[in-house]
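The structure appears below as C-alpha cells.
None of the figures in this text is laboratory data; all of them are computed from the coordinates on show. Note that this is a predicted model, so its numbers are computed, not measured. So basically every Cβ, Gly included, is an ideal-geometry build from the backbone, and we count neighbours across all protein chains shown.
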Amino acid sequence: MLKGINPLLNADVLQALRAMGHGDDLIIADTNFPSDSVARQTVLGKLLRIDATAAQVVKAVLSVFPLDTFVNDAAARMEIVGKPNEIPPVQKEVQKEIDAAEGKPWPMISIERYAFYERSKKAYCVIQTGERRFYGCFAFRKGVVPPDAE
C-alpha cells in the first residue's frame with residue numbers, strides 16, 4: 001500500500017501510466033472486450049488488469065492521470081450498436097467519475113464499435129476491468145501535468 005495512491009492501481013498499471021506521454025491513449029475495457037488480442041497490438045504489448053467495475057477503475061486511474069485539454073476526444077465511450085445516442089448506466093457512472101476527477105462537466109464523445117477497436121489497437125495500453133455490463137469500454141487521452149507555480 002502507498003499513501004495517496006488508490007489501492008486498485010497495481011504496480012504494472014502505475015508503471016504504464018507513468019511511462020505514457022502527452023497524447024497517448026489508454027483503453028479501459030469491460031470483460032467482453034477482446035482485451036488480450038487488442039493489447040498485444042498496443043505500444044505496451046501486454047494486457048493489464050484491474051478486477052473492479054469500470055467506474056471504480058476510472059476513478060482510480062483519473063486520480064493520477066491527467067486528461068488532454070488540447071483535444072475534444074480525450075474521453076470517449078463505445079457506442080451501443082444501432083443506438084449511438086443511448087447512454088447505458090455503466091457509461092453514466094463513468095461520466096460522473098470523469099466530471100468528479102476534472103472538477104467540472106467534461107465531454108465524453110461516442111465512438112462506433114469497430115472504430116473504437118481501431119483506436120484501441122493504436123493505444124499505449126489496455127486495462128481490462130471486471131465490468132460485466134455491456135459497453136463498459138472507454139478511451140482516455142493523456143494530458144500534461146503543469147510545472148509547480150513559482
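Please compute, over every Cα-Cα pair in the range 24-141, the percentage with a separation greater than 23 angstrom. Kindly include the intermediate steps, with their values, before the conclusion.
Values: 1283 of 6903 pairs.
Value for the range 24-141: 19 percent of Cα pairs lie more than 23 Å apart.
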Which distance in nm do the two modelled labels at Ile80 and Phe134 give, with both placed 7 Å along the Cα-to-Cβ direction? 0.8
The range 21-30 - phi-based ³J(HN,Hα) in whole Hz, Karplus 6.51/-1.76/1.60, Gly and Pro as x: x, 4, x, 6, 9, 10, 10, 10, 10, 7
Zone of Leu2 (label point 7 Å along Cα→Cβ, backbone N under 16 Å): which residues in the range 56-74? 60-66
Under 14 Å between C-alpha atoms, the lysine pairs in the chain lying 8 or more places apart or on different chains count 6
Here the residues of the range 112-150 lying in the modelled label zone of Thr31, meaning backbone nitrogen under 19 Å from a point 7 Å along Cα-to-Cβ, are 127-138
Report, in whole Å, the centroid distance computed from the Cα atoms of the range 6-22 and the range 93-120. 19
What is the set of long-range amide H partners of Trp106 at a cut-off below 5 Å, with H atoms built 1.01 Å from backbone N? Asp99
Among Lys121, Lys104, Lys46, whose mean-square fluctuation peaks in a Gaussian network model of the chain (Cα, cutoff 10 Å)? Lys104
Using just the helices of the chain, give the 222 nm mean residue ellipticity in deg cm²/dmol: DSSP H runs with n ≥ 4 each add -39,500 (n - 2.57), and the total is spread over all residues, rounded to 500. -8500 deg cm²/dmol
Residues whose built amide H sits under 5 Å from the amide H of Asp24, excluding neighbours closer than 5 in sequence, are Lys142
Sorted by chain and then number, the residues having a modelled amide H within less than 5 Å of the amide H of Cys137, at least 5 places away or on another chain, are Asp30, Met78
